[in-house]
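Some notes on the structure that comes next.
The values are calculated or read from the model by the stated rules, or taken from the named source; none is laboratory data. All values reported here derive from a predicted model rather than from experimental measurement. Here the Cβ positions follow ideal geometry from the backbone for every residue, glycine too, while neighbour counts run over all protein chains shown. Areas reflect the complete protein model, heavy atoms only, side chains present, ligands, DNA and RNA absent. Shrake-Rupley method; radii C 1.70, N 1.55, O 1.52, S 1.80 Å.
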Amino acid sequence: MSCNDRISGCLLVIFGALVMWRASTFPTPAGLTYGPGLFPSIAATGLMLCGAAIGFGSRRRATPNATRRSTTRPLALLTVVAGYALLLDPLGFHITSFLAVAATCLLFGMRITGSVLLALPLVIGVHLLFYSLLHVPLPWGLLTPWAW
Amino acid sequence: MSISSLIALFSPASLAVIAACTLYGTFIGAMPGLTATMAVALLVPFTYFMDPMIAISAIVATTTTAIFAGDVPGTLMRIPGTPASAAYVEDAYRLSRAGRSRSTLMTSLFAACIGGLVGVALLALIAPQLARVAMQFSSFETFWLACLGLSCAVLTSNGSVAKSFASLFIGLFIATIGIGVAVGYPRFTFGYYELFAGISFIPAIIGLFALSEILRSVQTRRSEQPTVATQESFSQALREAADTLRGFKRNIARSSILGTLIGALPGAGADIAAWICYAISRRFSSHPERYGTGYIEGVADGGAANNAAIGGAWTPALVFGIPGDSVTAIAIGILLLNGMSPGPQIFTQSPELVHTLYGAFALSNLAMLPAGLLVIMASSHIVRIPRRILMPIVLLFSLVGAYAITNSVVAIWTVLALGALGYVMEANGFPLAPTILGIVLGGIVEDNFMTSMLKAQGDLLAFFERPWAAALGILTLLVWALLLWRAARDALRRRSPASPKESHS
């Protein structure tokens, strides 16, 4: 997802300004010269200056080869990760991981059988490694009645 | 070396971890598109459950071997497995096209082993001496050192100055999220209790270095399969590599020492060491015209230099607590999570940790030889493992690894946010290394600034009153001046219409 330097410069300036505005509301405790707002303000100033330098300093145009594939697939993968975060607790680790791995396999162009054949042993392996060996309390979710 | 650290190093658990990490590092490094930093990022959740000594050995073994193994896809496919292999990839690839891939890789393996051993020997010699000086440092000096580390990260990154700085400030901003270190005020948490402790470090690096890599790879079309040319037999390759080593003894010695010293500079890591040593090798070679056309001399130099730099990079990390590259930045983060703060006092307070580190370096450089030979013999099969199988595995390990640290889905949202950020940044030419250094050093800079200001009651000139502080401060200001000059020069060059680069784009 590469975009024009003008756009990324503008985004940095806007973001820096937002950080600056939030940081200005942080109270400086009595007796101190510098408060919690100082470092965020420095970072914000830096972001705005760099954003301006990037935005005005460059005349690079947007890369023309930005095809639809190059934006939709990463977005789809991010959706998979977001779904993982949302479903992990209600559905449990095993079901969610299986779905996430299978979906990722499909995104990378594997067939359904291949995806299932990869996802199933992978989920079991990760369960053994993290749950059994490292004792990470992975959530069981829907499978709680069968948890061991 | 003390008995206790020897026992710790040669305990079955430690040896098993080093052996496993050597194989793991070799494998990840040998996969095109999986970098050494990513190998460490995926390993970090496991180190969280280990004894700190073993955790450090694990990181050392993984990076050592991953940097060497980065030569494998570079040689066979002209895709450097890690950026540190990029300097001499052209030579290595052409040698492989001529049917000499195995002897090239073996040369690089042996050079890497020698470089790594020289690197750790120099580290063991230099670091304690430097630590003695650094013992006198107070918050003023540490503040300047951290600033210097941040500035060098910008100085040595390969993006434009403005973009490297922007990347640094993004990291510094991320470091300010959570309750402020000095005054205890929640910043940018928007009332979310989970953010009070700040952005968790491990999910952040997993997002920046692992998820962003997966996002990049899902975007590209299926990579072409390597058409591996004929390869030599094992014994023939071994004989040729030994001949090359004998012929270029002095090159390897020079690049090992130089690579260590370059690695020891804050902000400069294995990739820069390889580039510089390759250039120097060419300058002093009797056949400079053969460089870039498939000539082994540069491969021997670069291979030794990048592994030597790994040892060197630990010098500033151990002595000052200021990381030399993104891998040591991650390692420092792990030490901090384990309640150990790197710095000169670590040499007196926990010398066994330092000794274990040296030992782990030496051991993993030796363990790299069999693992490396194994990978060289199997290399043509390993680089053929398709991404569509590998990437879903990496994704699940990233997500579960991040979750294991915090036991909450906030970690997964962190991976998501920083993965998207890292992906968009790289796609637009923003280097990632300044961001990770900003995240690690941001807290150190702020902490030491606030402590210093409490001591000096807000007098900024106090930062120049102590002799070491003044020297470091002036050095930092000089680096800033250099960076500004470079930025101005860049801007002028880009503005001038006669620039040949601009007319093509």
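Considered as a group, the residues in the stretch B:193-220 that are aromatic (Phe, Trp, Tyr) and touching a residue at least 12 places away in the same chain (Cβ under 8 Å) include one that is most open to solvent (accessible area, probe 1.4 Å), and that residue is B:196. Of all residues in the stretch A:13-30, those satisfying the criterion of being loosely packed, with under 13 Cβ neighbours inside 10 Å and small (Gly, Ala, Ser) are A:24, A:30. Among the candidates A:70, A:97, the residue that is modelled with pLDDT under 85, in a helix (DSSP H, G or I) and either open to solvent by 50 Å² or more (accessible area, probe 1.4 Å) or more than 30 Å from residue B:492 (Cα to Cα) (or both) is uniquely A:70.
Going by the conditions given, is residue B:409 touching an Asp or Glu at 6+ places or on another chain (Cβ under 9 Å) and without any contact (Cβ under 8 Å) to a residue 24 or more places away in the chain? When the stated conditions are applied, residue B:409 passes them. Go through the residues of the stretch B:50-73 one by one and say whether even a single one is of a type in the set (Phe, Trp, Tyr) and over 16 Å from the mean Cα position of the chain (by Cα). No, the stretch B:50-73 has no match at all.
If the condition is being under 19 Å from residue B:166 (Cα atoms) and either polar (S, T, N, Q) or at the interface with chain B (Cβ under 7 Å from one of its Cβ atoms) (or both), then the stretch A:23-50 contributes A:39, A:40, A:41, A:43, A:45, A:46, A:47, A:50.
With respect to residue B:350, is the statement that it is surrounded by fewer than 24 Cβ atoms within 10 Å (Cβ to Cβ), touching a Leu at 6+ places or on another chain (Cβ under 9 Å) and away from chain A (no Cβ under 14 Å) true? When the stated conditions are applied, residue B:350 does not pass them. Does the stretch B:367-374 contain any residue that is open to solvent by 30 Å² or more (accessible area, probe 1.4 Å) and closer than 19 Å to residue B:436 by Cα? Within the stretch B:367-374, not a single residue is open to solvent by 30 Å² or more (accessible area, probe 1.4 Å) and closer than 19 Å to residue B:436 by Cα. Among the residues making up the stretch B:138-171, those that are open to solvent by 30 Å² or more (accessible area, probe 1.4 Å) and either assigned to a helix (DSSP H, G or I) or more than 27 Å from residue B:487 (Cβ to Cβ) (or both) are B:142, B:155, B:156, B:165, B:169.
Okay, residues lined up against (1) touching a Ser or Thr at 6+ places or on another chain (Cβ under 9 Å); (2) on the phi > 0 side of the Ramachandran plot; (3) open to solvent by 10 Å² or more (accessible area, probe 1.4 Å):
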residue	(1), (2), (3)
B:3	no, no, yes
B:11	no, no, yes
B:14	yes, no, no
B:22	yes, no, no
B:25	yes, no, no
B:31	no, no, no
B:34	yes, no, no
B:40	yes, no, no
B:44	no, no, no
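Exactly one residue among B:465, B:446 is open to solvent by less than 90 Å² (accessible area, probe 1.4 Å), out of contact with any Asp or Glu (no Cβ under 6 Å at 6 or more places or on another chain) and at pLDDT below 90, and that residue is B:446.
Across the stretch B:63-96, what is the number of residues that are open to solvent by 20 Å² or more (accessible area, probe 1.4 Å) and part of a loop (DSSP other than H, G, I, E, B)? Residues meeting the conditions: 3.
Rundown of residues vs (1) touching a helix residue (DSSP H, G or I) at 6+ places or on another chain (Cβ under 8 Å); (2) farther than 30 Å from residue A:43 by Cβ; (3) touching a residue at least 12 places away in the same chain (Cβ under 8 Å); (4) among the hydrophobic types (A, V, I, L, M, F, W, C), yes/no style:
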{"site": "B:75", "(1), (2), (3), (4)": "yes, yes, yes, no"}
{"site": "B:93", "(1), (2), (3), (4)": "yes, yes, yes, no"}
{"site": "B:110", "(1), (2), (3), (4)": "yes, yes, yes, yes"}
{"site": "B:122", "(1), (2), (3), (4)": "yes, yes, yes, yes"}
{"site": "B:148", "(1), (2), (3), (4)": "yes, no, yes, yes"}
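Being of a type in the set (Phe, Trp, Tyr) and open to solvent by less than 30 Å² (accessible area, probe 1.4 Å) is the filter here; which residues of the stretch B:47-62 pass it? If the condition is that a residue be of a type in the set (Phe, Trp, Tyr) and open to solvent by less than 30 Å² (accessible area, probe 1.4 Å), then no residue fits. Residues that are outside any helix (DSSP H, G or I) and either hydrophobic (A, V, I, L, M, F, W, C) or at the interface with another protein chain (Cβ under 7 Å from one of its Cβ atoms) (or both) were ranked within the stretch A:100-139; the one that is most open to solvent (accessible area, probe 1.4 Å) is A:137. When residue A:41 is tested against the conditions (1) small (Gly, Ala, Ser); (2) over 17 Å from residue B:427 (Cβ atoms); (3) at pLDDT below 90, the lone failure is (3). Among the residues of the stretch B:148-168, those identified as away from chain A (no Cβ under 14 Å) and of a type in the set (A, V, I, L, M, F, W, C) are B:148, B:152, B:155. Residue B:58 fulfils the conditions (1) modelled with pLDDT of 90 or more; (2) within 14 Å of chain A (Cβ to nearest Cβ); (3) under 30 Å from residue B:237 (Cβ atoms) except for a single criterion, (3).
Just to be sure before I move on: is residue A:96 of a type outside the set (D, E, K, R), out of contact with any strand residue (DSSP E or B) (no Cβ under 7 Å at 6 or more places or on another chain) and farther than 24 Å from residue B:418 by Cα in the structure I sent? Spell out how you get there, then give the answer.
Details: of a type outside the set (D, E, K, R): yes; out of contact with any strand residue (DSSP E or B) (no Cβ under 7 Å at 6 or more places or on another chain): yes; farther than 24 Å from residue B:418 by Cα: no.
For residue A:96, the condition - of a type outside the set (D, E, K, R), out of contact with any strand residue (DSSP E or B) (no Cβ under 7 Å at 6 or more places or on another chain) and farther than 24 Å from residue B:418 by Cα - is not met.
The number of residues in the stretch A:51-66 that are at pLDDT below 90, at the interface with another protein chain (Cβ under 9 Å from one of its Cβ atoms) and surrounded by 19 or more Cβ atoms within 10 Å (Cβ to Cβ) comes to 4.
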